[in-house]
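Everything below concerns the one structure shown next.
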Amino acid sequence: MDRIDDIEGRILQNRCVAPGHHLAAVKLARPMTKPRPGQFVMVRFHGADIFLRRPFSVYDYGRSVLWILYKVAGKGTSHFARMARGEAVNVLGPLGKGFAPLAGHSPVLVAGGIGIAGIHLLWKLTRGKGALFWGCTSADDVGLLGRIADGGPYISTIDGSFGCRGNVVDLLADHLGEMKGPIQVFACGPEAMYRSLAGLLEAERIPCQVLLEERMACGLGICFGCVAKTLDKKEPYKRVCKEGPVFDLWQISL
Amino acid sequence: MADISVRLFGRTLRNPVMNASGTLGYGIEIEPLWPVDTLGAYVSKGLSAQPHHGNPQPRLREERSALMNSIGLQNIGVARFFAEVFPLFRKRQTPVIINFFGFTEEEYVRCAEAIGDDGLICALEMNLSCPNIKEGGICFGKRPEDVHRIVRRVKGATGLPLLAKLTPETEDITAVARAAYEAGADGITVLNTFPALAVDVEGMRTAARGGLSGPFLKPLALRAIADISGALPIPVIGTGGIMDAGDALSFLMAGATAVQVGTATFIDPFTIPRIIRGIDEYMEVRRISRIDEIIGAARAQDRAI
């Protein structure tokens, strides 16, 4: 059983890397259990009118520095975006079950928009062995890419302002035939992307793991608030924070 | 180390701090952080005779310093609880309070009957905040006469000590507690979350309904604890809004024999062990040797403001 700890951290940097997107580096007071790709942390903000912690994917981690890439979407992330170097947060983690690569399969990573935050650590660790497909709204979002451009990801934008015009699942469809040997897909993005992926991968039942997002209170599996509906008839609602956040695409109810 | 053990239903608990039902999962989930035998007793997630799937999303909503939840009593049912969950508490030798519920009186009775006597079970705790589907959905715990009837039926179905967990949504909570006592309840747990609603202003619609919890509950709970423990000769377990050791001590001083910590664990999962240490430190510093000297101490000086 991996240790889960609550560790104080200080913001080293917290920069806007694309419109509405921030990348934060948090220096932890001591090392945390090494997070696996797909795992997440619960961040506590102090002294703000924010009651609960907020969940964030681990974008990267090393030498007690935790990297979090986030999109400013609500009260918690708006507060986070205003935080400056030196300010304190508490980090609980690492949490949840990460991605589980199958032996003998080439990893194919698919990210939709800010979903890159949940995919990046896996990309970093599998670099050179697989392919990354990333779908954005426009070239603006691609600004996030500066640091992951090496390795040559396939990129689509809805407006065609960068890379291939269209959505990322169509882009993946165009290249699926070129993949050699068995592949395993790892995806993080909106639910609509998962539905398209299911349509694309269904015929060959290609193994696919998806990272789900849900509002959470505890992150530990003790409140049962963050459930996702699965096809398990006996117990359909599974905790995203505990049984997930990574689920088998073929077992969730879309 | 001060002696912070408390007596409850003829049993000694190592400390007076428990989790509130449904805020520590099945216990096993907290073990990567601290062992469950840290608790004075573990209070189970609400169990029913048959498993319940619970509600679809959304189940959670943050309000100002409060949490609104509508989990919908998702649980694996009594049978699986004893087969799969209970062995952890046997291994840790941790006393267990079994929280349970039903949507009809018969379901409560069937659930209580299904819980066998085990040396580790400290008590049953019946959740009286459930809607009675045979009575148009009015909650079982709202009217003293309903509480009296259902507590008496459940008491007839079990030989275990019975705690009645009350809802704050009632006209006279002391009258409800008295009805439970007169029907045979061995103790009272006060109080449950407060029923609440949120509005989505942009969409001009109801955004959520659920039970509201958080530190705002503390003064409401304290008053109920003081009134009920002053009126009845049975133990009161206090819960609602406890965030730190000072809060827990105030509950004990108002007359609670033990306390339950809920929402605070979500914000800081180490809250419970910290509260236990805080109670110990308070007693050490003041050279209080027994926790009995604290329990109810504030009630003597109680006066209206």
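Of all residues in the stretch A:26-36, none satisfies being at positive phi and within 14 Å of another protein chain (Cβ to nearest Cβ). Among the residues examined, B:Ala207 qualifies as modelled with pLDDT under 95, more than 19 Å from B:Leu13 (Cα to Cα) and assigned to a strand (DSSP E or B). One residue stands out among those in the stretch A:213-227 that are crowded, with 20+ Cβ neighbours inside 10 Å and over 20 Å from B:Ser44 (Cα atoms): the one that is farthest from the other protein chains (Cβ to nearest Cβ), which is A:Glu213.
Yes or no, residue by residue, for (1) free of Cβ contacts under 8 Å to residues at least 60 places away in the same chain; (2) assigned to a helix (DSSP H, G or I); (3) touching a Ser or Thr at 6+ places or on another chain (Cβ under 9 Å):
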{"residue": "A:Leu122", "(1), (2), (3)": "no, yes, no"}
{"residue": "A:Phe133", "(1), (2), (3)": "yes, no, yes"}
{"residue": "A:Ile155", "(1), (2), (3)": "yes, no, no"}
{"residue": "A:Glu178", "(1), (2), (3)": "yes, no, no"}
{"residue": "A:Val185", "(1), (2), (3)": "no, no, no"}
{"residue": "A:Arg205", "(1), (2), (3)": "yes, no, no"}
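Summed over the stretch A:47-76, residues that are within 13 Å of another protein chain (Cβ to nearest Cβ) and not charged (D, E, K, R) total 8.
Given the criteria touching a helix residue (DSSP H, G or I) at 6+ places or on another chain (Cβ under 8 Å), at pLDDT 95 or above and aliphatic (A, V, I, L, M), does A:Ile7 qualify? The answer is no for A:Ile7. The residue that is nearest to the chain's Cα centre (by Cα), counting only those in the stretch A:44-62 that are in contact (Cβ under 8 Å) with a residue 24 or more places away in the chain and over 23 Å from B:Phe216 (Cα atoms), is A:Ser57. Residues of the stretch B:12-60 that are β-branched (Val, Ile, Thr) and within 12 Å of the chain's Cα centre (by Cα): B:Val17, B:Thr23, B:Val43.
If you filter the stretch B:215-231 down to residues that are over 30 Å from A:Leu52 (Cβ atoms) and in contact with a strand residue (DSSP E or B) (Cβ under 7 Å, 6 or more places away or on another chain), you find that the one that is surrounded by the fewest Cβ atoms within 10 Å (Cβ to Cβ) is B:Ser229. Here the stretch B:147-157 is the region considered, the condition is being over 19 Å from the mean Cα position of the chain (by Cα) and either assigned to a loop (DSSP other than H, G, I, E, B) or touching a residue at least 40 places away in the same chain (Cβ under 8 Å) (or both), and the residue that is surrounded by the fewest Cβ atoms within 10 Å (Cβ to Cβ) is B:Gly156.
In the stretch B:75-102, the qualifying residues are those that are under 21 Å from B:Cys139 (Cα atoms) and aromatic (Phe, Trp, Tyr), and the one that is surrounded by the most Cβ atoms within 10 Å (Cβ to Cβ) is B:Phe100.
In the set B:Ile242, B:Ile267, B:Ile272, which member is under 28 Å from B:Ala198 (Cβ atoms), of a type in the set (A, V, I, L, M, F, W, C), within 17 Å of the chain's Cα centre (by Cα) and surrounded by 15 or more Cβ atoms within 10 Å (Cβ to Cβ)?
Just one listed residue meets the conditions, B:Ile242.
All conditions but one from (1) within 14 Å of chain B (Cβ to nearest Cβ); (2) touching a residue at least 12 places away in the same chain (Cβ under 8 Å) apply to A:Lys238; the one that does not is (2). When you scan the stretch A:78-101, how many residues do you find that are over 26 Å from A:Arg3 (Cβ atoms) and either modelled with pLDDT under 95 or within 13 Å of chain B (Cβ to nearest Cβ) (or both)? Of the residues in the stretch A:78-101, 1 are over 26 Å from A:Arg3 (Cβ atoms) and either modelled with pLDDT under 95 or within 13 Å of chain B (Cβ to nearest Cβ) (or both).
The values are calculated or read from the model by the stated rules, or taken from the named source; none is laboratory data. Computed from a predicted structure; not experimentally measured. Methodologically, a virtual Cβ is constructed for each residue, glycine included, from the backbone with ideal geometry; neighbour enumeration extends over all protein chains shown.
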